[in-house]
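J.: Here it is, the structure in full.
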Amino acid sequence: MEFNQICIIGLGYIGLPTASTFASHGLKVIGVDRNQEVIKSLRNGKAHIYEPGLGEIVEKVLREGNLQVSEKPVEADAFIIAVPTPFYDDKKADLSYVRSAAESVVPVLRKGNLVVLESTSPPLTTRDVVKPILERSGLKAGEDFKLVYSPERVLPGQILKELVENARVIGGIDQASAEAGRDLYSIFVKGEIVLTDATTSEMVKLMENTYRDVNIAIANEFSRLAERFGVDVWEAISIANRHPRVKILNPGPGVGGHCISVDPWFFVESAPDLTPLIHTARKVNDSQPDFVVTLFTEVVGSLKGKRVSILGLAYKPDVDDLRESPAVEIARHLVEEGALVTAFEPFKTDFKIENVRMAKTLEEGLENADAVLLLVAHTQFKNLDPIVISGYTTARIVIDAVNVWNIESWKKAGFNIVRLGDRKNRAL
Ligand code: SAJ
């Protein structure tokens, strides 16, 4: 199948990089978003999100005219739906954005078109939710238009590289659809393109993130066991990982972001009777912020009136994304316990959390503190010199929840340093 003009619905962390990458490969791309702020920012030539390298490419394709933005889909050869699938408070998938994106395609859907769903979705969404909506156009999926599910699998922080280099799975509602999907993505994908059916590719996406979630949960549980048994979990993991078939991940303050902390719930929702392990892993990772707060309290005593400096609020290093961030949850929890919290998040200094003072600079974030709590391994924090820091802050207790600070150097600079999961090297 040949493509000249495509329409991408949803210009977030996936839609915008995908739109820009297609546009930079010569396609005419109409990017659609219903958020006026997004439209305004892009019409001014600026990306509204931070992702390394994205600002430059967005500016270029907008300037050259290959990427245009619109509030509504227009006629095109292919439509890609890349809208969020959040969950409700009861952890059930909220498919309202997927539904309304599919509905917005109906008036402009034409014979011969290809429609791609990229949004992470519970199994059978393509067949049972998207297909019936698109068929309201009077056209039949498989006969009149092609329909595929092709999940994004890129790592925030490396999106532009991984979009091109990762293997891509394309699940068609039939073989012709899958092949049309391959024709589209082979415009820029250099990794292997694997064709399958739509439901398999929905499952593949959820399996990948669930696998990672379960593995992080076991690492977090190991950090708790190490605290109980007077062990340094980091040392224990590094020794265990010398086994040729063991690869334990890193414990930390919890699992955040909009993927791994959400996607396993789609399995739990769709088949609660079959997913006790997946469900428990979610609960372990969701309770890790509480574990960090308990550890913190053990170290500093009552939190009432304690001045705490938090370094990092993003859900992981070197991104500006704070969605579902365990660090934000920890900040809120400390406030509830009566602590006076100042937080410094270099990628989003203007973020707001009730009763948390947001610092504009590192110095401002650290001054007048009783204890410092490092929650995100941003490169900027990894490279901090403890001698310099000892001049910025009154705090002499630091808690490193992500294992990036060298214990000896911080001790030498006069700090009592405590690492998550390391009861062995703790003076306090
Ligand atoms: N984390 C740990 N310990 C680790 C690794 C991660 O606590 O050893 C935490 C991170 O700090 C973060 C969370 O887990 O809070 C998730 O981070 P991540 O880097 O593992 O993954 P995401 O959510 O940024 O991106 C994932 C990726 N999926 C997999 O690696 C299987 C990415 O490829 C997907 O495209 C993305 O989800 C997505 O959009 O689904």
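The values are calculated or read from the model by the stated rules, or taken from the named source; none is laboratory data. In this text, all values refer to a predicted model and were calculated from it rather than measured experimentally. When we count neighbours, we look across all protein chains shown, and the Cβ atoms used for this are built from the backbone with ideal geometry, even at glycine.
J.: Restricting attention to the range 150-165, report how many residues are near the ligand (Cβ under 8 Å from one of its atoms) and either more than 18 Å from the chain's Cα centre (by Cα) or not acidic (Asp, Glu) (or both). Spell out how you get there, then give the answer.
T.: Of the residues in the range 150-165, the ones near the ligand (Cβ under 8 Å from one of its atoms) are 151-157, 162.
Checking which are either more than 18 Å from the chain's Cα centre (by Cα) or not acidic (Asp, Glu) (or both) leaves us with 151, 153-157.
Counting residues in the range 150-165 that are near the ligand (Cβ under 8 Å from one of its atoms) and either more than 18 Å from the chain's Cα centre (by Cα) or not acidic (Asp, Glu) (or both) gives 6.
J.: How many of the residues making up the range 371-401 are touching a Lys or Arg at 6+ places or on another chain (Cβ under 9 Å), more than 13 Å from residue 299 (Cβ to Cβ), part of a loop (DSSP other than H, G, I, E, B) and of a type in the set (A, V, I, L, M, F, W, C)?
T.: Counting residues in the range 371-401 that are touching a Lys or Arg at 6+ places or on another chain (Cβ under 9 Å), more than 13 Å from residue 299 (Cβ to Cβ), part of a loop (DSSP other than H, G, I, E, B) and of a type in the set (A, V, I, L, M, F, W, C) gives 2.
J.: Please work out which residue is nearest to residue 281 (Cα to Cα), limiting yourself to the range 216-231 and to residues that are within 14 Å of the ligand (Cβ to nearest atom) and buried (at least 17 other Cβ atoms within 10 Å of the Cβ). Spell out how you get there, then give the answer.
T.: Of the range 216-231, the ones within 14 Å of the ligand (Cβ to nearest atom) are 216-224.
Remaining after also requiring buried (at least 17 other Cβ atoms within 10 Å of the Cβ): 216-217, 219-224.
Details: 216: 8, 217: 5, 219: 11, 220: 10, 221: 10, 222: 13, 223: 14, 224: 14 Å.
Here the answer is 217.
J.: Does residue 136 qualify as being of a type in the set (D, E, K, R) and closer than 22 Å to residue 76 by Cβ? I'd like the intermediate steps shown before the answer.
T.: Numbers: of a type in the set (D, E, K, R): yes; closer than 22 Å to residue 76 by Cβ: yes.
Yes; evaluated as a whole, the condition is true for this residue.
J.: Quick check, is residue 213 out of contact with any Leu (no Cβ under 9 Å at 6 or more places or on another chain), buried (at least 22 other Cβ atoms within 10 Å of the Cβ) and modelled with pLDDT of 95 or more? Let's see the steps before the verdict.
T.: Numbers: out of contact with any Leu (no Cβ under 9 Å at 6 or more places or on another chain): yes; buried (at least 22 other Cβ atoms within 10 Å of the Cβ): yes; modelled with pLDDT of 95 or more: yes.
The answer is yes for residue 213.
J.: Now for a separate question. Counting only residues that are within 14 Å of the ligand (Cβ to nearest atom) and either closer than 22 Å to residue 237 by Cβ or of a type in the set (Asp, Glu) (or both), how many does the range 258-286 have?
T.: 8
J.: Out of the residues in the range 122-156 meeting the condition of being modelled with pLDDT under 95 and surrounded by 16 or more Cβ atoms within 10 Å (Cβ to Cβ), tell me which one is farthest from residue 1 (Cα to Cα). Walk me through how you get there before you give the answer.
T.: Of the residues in the range 122-156, the ones modelled with pLDDT under 95 are 152-156.
Checking the rest, the ones that are also surrounded by 16 or more Cβ atoms within 10 Å (Cβ to Cβ) come to 152-154, 156.
Numbers: 152: 21, 153: 24, 154: 25, 156: 30 Å.
So, considering only residues that are modelled with pLDDT under 95 and surrounded by 16 or more Cβ atoms within 10 Å (Cβ to Cβ), the one farthest from residue 1 (Cα to Cα) is 156.
J.: Does at least one position in the range 159-174 carry a residue that is outside any strand (DSSP E or B) and on the phi > 0 side of the Ramachandran plot?
T.: Checked against the condition, which is being outside any strand (DSSP E or B) and on the phi > 0 side of the Ramachandran plot, the range 159-174 yields no hits at all.
J.: Moving to a separate point now. Can residue 202 be described as more than 30 Å from residue 18 (Cβ to Cβ), at pLDDT 95 or above and away from the ligand (no atom under 11 Å from the Cβ)?
T.: Values: more than 30 Å from residue 18 (Cβ to Cβ): no; at pLDDT 95 or above: yes; away from the ligand (no atom under 11 Å from the Cβ): yes.
Criteria not met by residue 202.
J.: Here is a further query. Does any residue in the range 176-191 that is over 12 Å from residue 21 (Cα atoms) come within less than 7 Å, Cβ to Cβ, of a residue that is in a helix (DSSP H, G or I) six or more places away or on a different chain, and which pairs are these?
T.: From the range 176-191, the pairs are 190/164; 190/165; 191/165.
J.: Which one of 287, 261 is buried (at least 22 other Cβ atoms within 10 Å of the Cβ), of a type in the set (Gly, Ala, Ser) and not assigned by TED's automatic domain parsing to the domain that holds residue 122? Write out each step before concluding.
T.: Values: 287 fails: buried (at least 22 other Cβ atoms within 10 Å of the Cβ).
Unique residue meeting the criteria: 261.
J.: Determine which member of the set 226, 236 is over 26 Å from residue 156 (Cα atoms) and touching a strand residue (DSSP E or B) at 6+ places or on another chain (Cβ under 8 Å). Talk me through it step by step, then tell me what you get.
T.: Working: 236 fails: touching a strand residue (DSSP E or B) at 6+ places or on another chain (Cβ under 8 Å).
226 is the lone residue from the list that is over 26 Å from residue 156 (Cα atoms) and touching a strand residue (DSSP E or B) at 6+ places or on another chain (Cβ under 8 Å).
J.: Could you tell me how many of the residues in the range 402-428 are assigned to a loop (DSSP other than H, G, I, E, B) and among the hydrophobic types (A, V, I, L, M, F, W, C)? Full working, then the answer.
T.: First, the residues of the range 402-428 that are assigned to a loop (DSSP other than H, G, I, E, B): 402-406, 413-415, 420-421, 423-428.
Filter once more, keeping what is among the hydrophobic types (A, V, I, L, M, F, W, C): 402, 404-405, 413, 415, 420, 427-428.
Residues that pass the stated criteria total 8.
J.: Something else about it: Regarding residue 406, is this residue modelled with pLDDT under 95 and either within 16 Å of the ligand (Cβ to nearest atom) or more than 15 Å from residue 313 (Cα to Cα) (or both)?
T.: Numbers: modelled with pLDDT under 95: no; either within 16 Å of the ligand (Cβ to nearest atom) or more than 15 Å from residue 313 (Cα to Cα) (or both): yes.
No: the conditions fail for residue 406.
J.: Now, a different point. Surrounded by fewer than 16 Cβ atoms within 10 Å (Cβ to Cβ), among the hydrophobic types (A, V, I, L, M, F, W, C) and more than 16 Å from the ligand (Cβ to nearest atom) - does that describe any residue in the range 168-185?
T.: yes
J.: Note down all Cβ pairs under 7 Å where the first residue falls in the range 247-273 and is within 17 Å of residue 207 (Cβ to Cβ), the second is near the ligand (Cβ under 9 Å from one of its atoms) and small (Gly, Ala, Ser), and they're at least six residues apart or on different chains.
T.: Once the first residue is within 17 Å of residue 207 (Cβ to Cβ) and sits in the range 247-273, its partners that are near the ligand (Cβ under 9 Å from one of its atoms) and small (Gly, Ala, Ser) give 249/219; 255/261.
J.: Against the condition away from the ligand (no atom under 16 Å from the Cβ) and over 16 Å from residue 313 (Cβ atoms), how does residue 354 come out, does it pass?
T.: Working: away from the ligand (no atom under 16 Å from the Cβ): yes; over 16 Å from residue 313 (Cβ atoms): no.
When the stated conditions are applied, residue 354 does not pass them.
J.: Could you list all residues from the range 195-210 that are surrounded by fewer than 19 Cβ atoms within 10 Å (Cβ to Cβ), touching a helix residue (DSSP H, G or I) at 6+ places or on another chain (Cβ under 7 Å) and within 20 Å of residue 247 (Cβ to Cβ)?
T.: Passing the criteria: none in range.
J.: In addition: Looking at (1) part of a helix (DSSP H, G or I); (2) out of contact with any Asp or Glu (no Cβ under 9 Å at 6 or more places or on another chain), which is the one condition that is false for residue 329?
T.: (2)
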